Amino acid sequence: MSWMSQCLFLGTLIAVGLSWKALTKGLKKDPYSMHFIIPLFLAVAIILIEYFDKFGFDPNNRNIKDWVDGAVYMNNMLTPILLLATIYLLYRTWLTSKKELAQTQDILRKKEEFELLRARIKYLSRNLDASPSGSFDIAVSIFVIGHHTKNEQFKTNLDHLLKYLIILLPDDKLEDIPSSIDQFDELKSVSKALGNKDNTFRDILTCIPSMSADEYVTGIIDGLEHNIELSEVKKLIRNLVRIMYRQAYHALLSHDGKSIAVKYAEVSQDLLMSEMALNIYQLIEASKFKPELLDEFRFHFTKLEFEALKKITRRPTL
């Protein structure tokens, strides 16, 4: 072996030794690239070693033909290898560009879905802060009070409660109580006369009753007979109205309630919240960013509100 071949061979061994750590790290990080680069590097080293071993190297050689022949040999031998390296680099560039494009598309898609989610949440929140329509009160009369037609005791107790409450009201508040045969309409007026504000759907859906409307009416009557504070009566009546609204809302979402919703257009508008919440859940479930979107959704609502929205959309798994 010529001295030049020996130098190249030793140089190759030294280079491999010095870069061994980087090579092993590269194999772990990108094995496909390293499996391509290492053979190319070794092929170039073998070609050079073989050339100098067979033909030697004389820097003092002034024969131009020898230099030209050497250059042609090197060009013919190394061009395919360098061409392969160029093709591979182009391929890696294409892969990198493809990956970056996919990442950019994901970022844009995520931004778009977050903006859509926030717009829907804003619209849902605005409707949650609205009060039930007049037609919705009819649904309460049908599904809550009318539901107890077989139990006349409920109507009797409710009527007894209303008379009891009217006696407690100051004279200047009595004129606000309508002469209506609708018990729920009268109950709402009494509640307002006691100082309660109009209920919003946010209040209604987050009301978690510990007892039914029947039991609540009986409990209030019992409390009145034991002279409970008027401030406590005010809270109990407010909760009773919310419980009756809540029962009606869930009744309307059932199969039996659809005919009422169709009959009264305003009731259909009241029920839009369940559709809005359902659209939000469908957006979250269909997204590849489900955990992030769900966290964003939770951020805008209290735990009670979030659980209530799950219930009206029949989404217990989220």
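The values are calculated or read from the model by the stated rules, or taken from the named source; none is laboratory data. Fair warning: this is a prediction, and the values are worked out from it, not measured in the lab. Reconstructed Cβ throughout: ideal geometry from the backbone, glycine too, with neighbour counts over all protein chains shown.
Does segment 267-278 include one or more residues that are modelled with pLDDT under 80, small (G, A, S) and either on the phi < 0 side of the Ramachandran plot or part of a helix (DSSP H, G or I) (or both)? The answer is yes, given that some residue of segment 267-278 is modelled with pLDDT under 80, small (G, A, S) and either on the phi < 0 side of the Ramachandran plot or part of a helix (DSSP H, G or I) (or both). Among residues of segment 113-134 that are surrounded by 15 or more Cβ atoms within 10 Å (Cβ to Cβ), those with a Cβ under 7 angstrom from a residue that is basic (K, R), sequence gap 6+ or separate chain, pair up as L128/R202. Can you name the residue in segment 201-248 that is part of a helix (DSSP H, G or I) and of a type in the set (S, T, N, Q) and, of all such residues, is modelled with the highest pLDDT? Filtering first and then ranking leaves N239. Inspection of segment 197-207 identifies no residue that is within 34 Å of the chain's Cα centre (by Cα), under 15 Å from I145 (Cβ atoms) and β-branched (V, I, T).
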